[in-house]
Each structure stands twice: as C-alpha cells, then as structure tokens.
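Reading through the structure tokens given below for one structure.
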Amino acid sequence: MLPEWKHLKKKTKKLKLANEPYFQLAEEYLALEEQFYCEGMFDSFYLWFDMLLNPLYCIFRMFMMDFSYMYVMTFVSAYQKWMNWFRFKELEGKIEEWKKIVRSLGGPWISTGNPEYHVFVYAEGMERIRHSQTVPSQKTEKTSPKAVLPVQSQASSPPKSPSVPSAVPSVPSCPSSSPQSAQATNSGTHAG
C-alpha cells in the first residue's frame, strides 16, 4: 500500500537525502553486476585472470621495459576492470543504504516479479521519499497568499453580440510596408 504524502513527509522530516539520479545509478549497478557476478566456472576463471593475472603481467612487462602495444592494451584493460570493480562496490554500498532507508520508513511500496530488477524497487522508494520532502504541507498551503488574478472589467471589454455574418469581407493584412502596395492589394489591382 502506498503511503500518504503527509505521513511520509512527517517520517522523513529530519532525513537528508543527496540529490542523486536513483534510477540511473540502479541501471549502472545492473550493468556492473552483470560484469562481476559469474554464473559458471569459466566466467569466474576469466574474471580472476582479468583482475589478478593481467596486472601481474603488466608489472612484469614494466620491469622488462617492454612498452609494446600489447602491454598498453593489457594495462588499460586491467585498469578499467579495477575501476569498474571499485565503482561496483561503491554502488553496492549506496543500494544497501537505500534498502535501510526505505525499509525503515515502511517500504518498499512496490514490487517486481524479477529479482534481478529489485534495485529499481528501492530506487523508486528513494524517489518517492525525495518527492515527499518537496511536496508542500497543508500548513504552508493555508498560510501562503493566494494568487490574485487580474479581473477584467466589463467596460474595457467589447460587448458581445450574437454571431451574425458580416456583409463586408475582411481584408487580409499586407506583408509589405509601403502604403501604395497595400492600397493596390486592397483594390485588387497590381502596381506596375
């Protein structure tokens, strides 16, 4: 069951949230999770090779003063893999914080049938909490001044008459600025 905004606002009054794109972080986490959680023996061996043996190979080649194209590609690959690993662990910590916050407030308020996408449930909960903090309370709505709309007086507006077709056809405005061409257009003759 979805909570009412005013109840959620009361619960989150002292909670300070970072202005983060929760759904984008959840998508990034899923992409990195796919890269680092291995299902089979071969995948886990390949990950160990990329994470441990490639950096050792790079160190060995560096001491031999061999800076070939293969060395550079191996070094860049190992560096990128480790940077992705650190980012994955950082996002994993953030998602654990989201879970604690949402669960402490009585959530999650939606569910998904696919456990792979469960991080989006907590991203939605964090968006809901952030939105509840920005919703104006009823107290501020009552005390805020009402917007004063300009009132159109009856004297300044033209009187409304029943729509009767006029006998005089309307003349379209002329795009040219000279009065002679406007007169020629209105009279139906061409200036030559």
Study note, to complete from the structure: For the pair Ser68 and Leu15, the simple spin-label estimate (label points 7 Å beyond Cα toward Cβ) gives in nm 5.7 nm
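To make sure I understand, if each residue's beta carbon is the centre and we count other beta carbons within 10 Å, what order do Glu28, Glu4 fall in, fewest to most?
Placing the least packed residue first, the sequence is Glu4, Glu28.
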Revision key, fill the gap. For the pair Glu4 and Met41, the simple spin-label estimate (label points 7 Å beyond Cα toward Cβ) gives in nm 6.0 nm
Study note, to complete from the structure: Put in order of increasing Cβ neighbours within 10 Å, starting from the fewest, Phe63, Phe49, Phe23 give Phe63, Phe49, Phe23
Check your understanding: Any idea what log10 I(q)/I(0) is at q = 0.14, 0.21 Å⁻¹ for the stretch 1-111, Debye with uniform C-alpha scatterers and no solvent?
Key -> -0.74, -1.15
Review point. Using the 10 angstrom Cβ neighbour count as an exposure proxy, how do Ser132, Ser111 rank, fewest first?
Key: Ser111, Ser132
Revision key, fill the gap. Links exceeding 23 Å between C-alpha atoms in this model, out of Lys6/Lys100; Lys9/Lys99; Lys13/Lys94; Lys16/Lys94; Lys11/Lys94; Lys13/Lys89, come to Lys13/Lys89
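A short reminder: the numbers here are calculations on the coordinates, not readings from a lab. None of these values were measured; they are calculated from a predicted model. Backbone-built Cβ (ideal geometry, glycine too); neighbour counts: all protein chains shown.
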